[in-house]
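The values are calculated or read from the model by the stated rules, or taken from the named source; none is laboratory data. Source: prediction; values computed, not measured. FYI the Cβ positions are ideal-geometry reconstructions off the backbone, even for glycines, and counts take in every protein chain you see. Just the protein is used for accessible areas: all its heavy atoms, side chains included, with ligands, DNA and RNA removed. Shrake-Rupley method; radii C 1.70, N 1.55, O 1.52, S 1.80 Å.
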Amino acid sequence: MRSGFVAVVGRPNVGKSTLVNTLVGSKVAITSSRPQTTRNTIRGVVTGPSEEDPEYQIVLVDTPGLHKPKTELGSRLNSMVYGTLKEADVVVFLIEATAPIGPGDRLIAERLAEAQSTVILAVNKADLGDKAEIVEQLAKAGEWDFAAYVPISAKEGTGLEPLIAEIVERLPEGPRYYPEGMTTDQPESLVISEIIREKFLERLREEVPHSLLVRVEDMEQRPNRILDITADVIVERRSQKGIVIGKGASLLKLAGSEAREELETLLGTQVNLSLHVVVEKDWQARAQMLDRFGFDI
């Protein structure tokens, strides 16, 4: 069979996590209209054409969006992406059908050329653009001389079969890395923390989403199978704490309730979720805090 690791890269908010989730067939990465939602390299597993008799296994690595960093965290996230490129057998580089190719896209293209990566360029959000726009994007991106070019819509699920075919064609012969039924290798605590964070993102404005971090502090299964989860919702300033809690704890209750419902579906058990909002001043800029939160490189 063919198998290997495929890095999914692109500017922030171009649809990388949506593509990974759609290809995997289940949610392994949170999504949001907020840029820089993804903060970890997240692996999703695609085995086909069937789990029982596979001909290929694609290990997708969803990466943070490459951007001009303003904090130590931003620099570390970029380094995380560049490290992933070195290990990938194939890279899927996403651009948008309806957005002009900009400096950020060109920087990524340059980095991919430097890494001598095998690159498949996917023009995403093709459902939002007309044929002329898509052809124009493909023509402009053709200057980069990548291995293949495919228009897709990660949200609608169109163009994905040709994309998979292009990926598989370029994967080496290899083993089955993950057993039948496994769709991700993320630690359970990370999955839980990211689901909680997702519920806050769309409801927060300005700098608050970037300052938000969720960390699971404790998980304990009771004899009656209720799972107790305690998590800290971390922000950088005291003023942000009040925003995240909301008037009369409204936002904390709403986000907590939505997260609990999704976690119960995911984990298949009743969940008791306890959230505490904690201030860790300027954590994005402090190397020691980033190491502690697992953003070490």
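For this structure, a couple of remarks:
- Residue in the range 182-193 that is more than 22 Å from the chain's Cα centre (by Cα) and not aromatic (Phe, Trp, Tyr) present: no
- Candidate set: the range 37-72, residues that are modelled with pLDDT under 75 and among the aliphatic types (A, V, I, L, M); chosen: the one nearest to the chain's Cα centre (by Cα): Ile42
- Asp218 being outside any helix (DSSP H, G or I), in contact with a His (Cβ under 6 Å, 6 or more places away or on another chain) and surrounded by fewer than 21 Cβ atoms within 10 Å (Cβ to Cβ): no
- Tally, over the range 155-175, of residues that are within 19 Å of the chain's Cα centre (by Cα) and charged (D, E, K, R): 2
- Here Ile30 passes the criteria (1) over 22 Å from Ala285 (Cβ atoms); (2) at pLDDT 75 or above; (3) not in a strand (DSSP E or B) except the one numbered (2).
- Qualifying residue in the range 256-276 (condition: at pLDDT 95 or above, farther than 15 Å from Ser193 by Cβ, surrounded by 15 or more Cβ atoms within 10 Å (Cβ to Cβ) and among the hydrophobic types (A, V, I, L, M, F, W, C)): no
- Filter result for Leu227 (within 19 Å of the chain's Cα centre (by Cα), within 21 Å of Val28 (Cβ to Cβ) and either open to solvent by less than 30 Å² (accessible area, probe 1.4 Å) or not small (Gly, Ala, Ser) (or both)): no
- Out of Pro187, Pro172, Pro209, sole residue that is at pLDDT 95 or above and not hydrophobic (A, V, I, L, M, F, W, C): Pro172
- Within the range 230-270, the set of residues being in contact (Cβ under 8 Å) with a residue 40 or more places away in the chain, charged (D, E, K, R) and in a helix (DSSP H, G or I) comprises Arg238, Glu258, Glu262.
- Just one of (1) open to solvent by 50 Å² or more (accessible area, probe 1.4 Å); (2) assigned to a helix (DSSP H, G or I); (3) at pLDDT 95 or above fails for Asp291. It is (3).
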